[in-house]
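Data first, discussion second: the structure below is written as structure tokens.
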Amino acid sequence: MEILRIPPYPLSIEYNVPAASSGYFIVIESNDRNEEILDQAVTSNSSKVVSHTLADSFAKYDEYYALTIYENNGGDRGDIVVEDNLEIVRPYVDPNTLGTTATEIAEYTEYEALARNIIDAYVPDGFYFTTEWLQTVGQGTDYMPIWMRGYKVLKVYENAEKVWDVDDENGPALDSFDYSITKDKTGIIKDPVAGVDNWNRYERKPAKMAIAASDSISWFDTEDSGNIQTFRGGVSFPEGNDYMFYIEAGYKVVPNDIKDATNMLIEDIKCGKLDYYKRYVDSYKTDQFNIKYNKSMMDGTGNLLVDKILDKYVNQITRPGVL
């Protein structure tokens, strides 16, 4: 089931079940963490339908969930009667603004879903607002690079210890640092909670140099000497440390040009302009139907103007690598 994440909130779900006026359990699990986030006892109505109003947190992100409905056997889970993917997604264009009657809105809802899938095939990351887990290792710098459009840091684990959590009553900083995303959305940084006057961050791993012995300066505070000098300061993300970041990613709102591109595709779909047999046929022979399609039919969305709009959002490098 796909539920469009558009007002009014909260969102609600409805499913058909085998029996009327009977007890069931609705269980919703997060696909990426395999964690149950809802276990709710419900009763079906006389039409053999169970319904449930979702919490406000379900309307915050575009997410995919695993939904299971069990029979309620005296408070225990019985047989499974429904298994489904629950998709809560924000449309690129609100179908309610395109139609006036219920029939027109339903028709435009189908057109929008198809246009959105065409755009997502061209720009794989899409234009959603979601959450992502980033599991990585420290590289000995003051920046942790990210390869998605980061928005906000929600949780941080360092060497399996939670050090940042925006939902913790004692947080968000659970040690001595605040975590945030750089203004250009390319990396994660951390700052001391106490603050600093200035800080020249290491954007690359400092070179390792041998330290010469000295009779007048001690490199470490291990001797009874007033002459102590720091040879090299520490870094925010030490080399070899394990990190897990849970961040908000994507687009808080759909860009206006993407809305325009979606509207153009909807009109093309509605008018039949995306039919391949009309747009990409180079040659056509009637005897035995020898049809030759142009290779460009697989290169874009079928609308040249839409392709030009989407070109600037296509990320050619999704992960770092070595040539």
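Quick notes on this structure:
- Looking only at residues in the stretch 239-273 that are assigned to a loop (DSSP other than H, G, I, E, B) and at pLDDT 90 or above, the one that is nearest to residue 164 (Cα to Cα) is 241.
- Residue check for residue 132: in contact (Cβ under 8 Å) with a residue 40 or more places away in the chain, more than 18 Å from residue 2 (Cβ to Cβ) and among the charged types (D, E, K, R): yes
- Some residue of the stretch 46-57 being touching a strand residue (DSSP E or B) at 6+ places or on another chain (Cβ under 6 Å), in a loop (DSSP other than H, G, I, E, B) and of a type in the set (S, T, N, Q): no
- Residues in the stretch 34-59 that are in contact (Cβ under 8 Å) with a residue 40 or more places away in the chain and not hydroxyl-bearing (Ser, Thr, Tyr): 52, 54, 55, 56, 58, 59.
- Matching residues in the stretch 17-44 - criterion: being within 11 Å of residue 66 (Cα to Cα) and not in a loop (DSSP other than H, G, I, E, B): 26, 27, 28, 29, 30, 35, 36, 37, 38
- Looking across the stretch 77-123, the residues that are assigned to a loop (DSSP other than H, G, I, E, B) and either surrounded by fewer than 17 Cβ atoms within 10 Å (Cβ to Cβ) or out of contact with any strand residue (DSSP E or B) (no Cβ under 9 Å at 6 or more places or on another chain) (or both) come down to 92, 93, 98, 99, 100, 101, 123.
- Only one entry of 41, 19, 59, 55 meets the criterion of being touching a Gly at 6+ places or on another chain (Cβ under 8 Å) and either loosely packed, with under 15 Cβ neighbours inside 10 Å or not charged (D, E, K, R) (or both), and that entry is 41.
- Residues (surrounded by 15 or more Cβ atoms within 10 Å (Cβ to Cβ) and within 11 Å of residue 67 (Cα to Cα)) located in the stretch 1-16: 13, 15
- Filter result for residue 300 (of a type outside the set (Val, Ile, Thr) and modelled with pLDDT under 90): yes
- Of all the residues in the stretch 180-207, those that are free of Cβ contacts under 8 Å to residues at least 40 places away in the same chain, within 19 Å of residue 139 (Cβ to Cβ) and in contact with a Phe, Trp or Tyr (Cβ under 9 Å, 6 or more places away or on another chain) number 3.
- In the stretch 124-152, the residues that are charged (D, E, K, R) and surrounded by fewer than 16 Cβ atoms within 10 Å (Cβ to Cβ): 152
The values are calculated or read from the model by the stated rules, or taken from the named source; none is laboratory data. Since we're looking at a predicted model, the values are computed, not measured. Heads up, the Cβs are rebuilt from the backbone with ideal geometry, glycines too, and the neighbour counts pull from every protein chain shown.
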